[in-house]
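As structure tokens, the structure follows; a few thoughts come after it.
Just so you know, all these numbers are worked out from the coordinates, no wet-lab data involved. What you see is a predicted model; the values in this text were computed from it and never measured. Note that we place each Cβ from the backbone using ideal geometry, even for glycine, and neighbour counts take in every protein chain shown.
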Amino acid sequence: IQEIESVLTGTDLKINSDIYSVIIFQIDEYDINSKVKRVFDKSDVTRMLIANFLKEQLNGIGYIHTIDNERIAALLLLQCDKDSMYVKDLARKLVHAVNKSFYVNILFGVGNMYTSLLDVSQSFNEANQVLEYNMLKPKNKVLCFSEIPIVQIGFYYPVDLELKLINLVKTGQVDEVM
């Protein structure tokens with residue numbers, strides 16, 4: 001962390017905070033009102049305007065970074081009295097303001113909150129996973145990483161069958177196990 005702070009000394013970034021979280025905003029290709037497909041490219045003025053708008057709306061509690069043609073990340077620098085509900089509500093308000101001002105559909109994903117700057121990458125990955133999950137299961141809209149259901153992949157064996165399998169393996173009767 002000392003290396004990061006020494007590098008940031010020469011920049012205009014002040015990222016000392018109690019809590020860090022990442023929100024990723026994805027600009028949808030369709031206009032909300034007309035459903036006309038929009039074509040985004042690297043010089044898209046709308047994306048730059050949205051990024052600047054988000055920066056103004058954050059009012060000093062975060063930094064904006066354009067990831068690619070469709071995605072913009074916000075690194076939030078929060079005080080310890082904020083919780084995940086605050087971040088989710090902030091993201092909703094930002095999306096509503098962008099939808100109202102620019103007539104574009106914005107999807108978003110919120111990563112978990114962390115107390116270490118080193119964990120920002122984890123929050124970023126979680127926000128990405130939320131967006132991916134929402135693309136795969138559009139009916140199950142989740143906003144935060146903590147809302148993604150955990151799927152248990154495993155098998156249930158009754159205790160007596162489990163003990164029988166263990167004993168067969170211990171005695172070397174592999175053919176019986178199969």
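Here the gap between VAL174 and HIS65, fully extended at 0.36 nm per residue and compared with their Cα-Cα distance, gives a gain of 33.6 nm.
Each principal axis of segment 46-122 carries a Cα extent, and these read 35, 23, 20 Å when sorted largest first. Residue ranges 120-133, 76-89 sort as 120-133, 76-89 when ordered by packing (mean number of other C-beta atoms within 10 Å per residue, highest first).
Using the Karplus relation 6.51 cos²θ - 1.76 cosθ + 1.60 with θ = phi - 60°, the per-residue 3J(HN,Hα) values for segment 60-66 come to x, 9, x, 10, 10, 9, 7 Hz, with x marking Gly and Pro.
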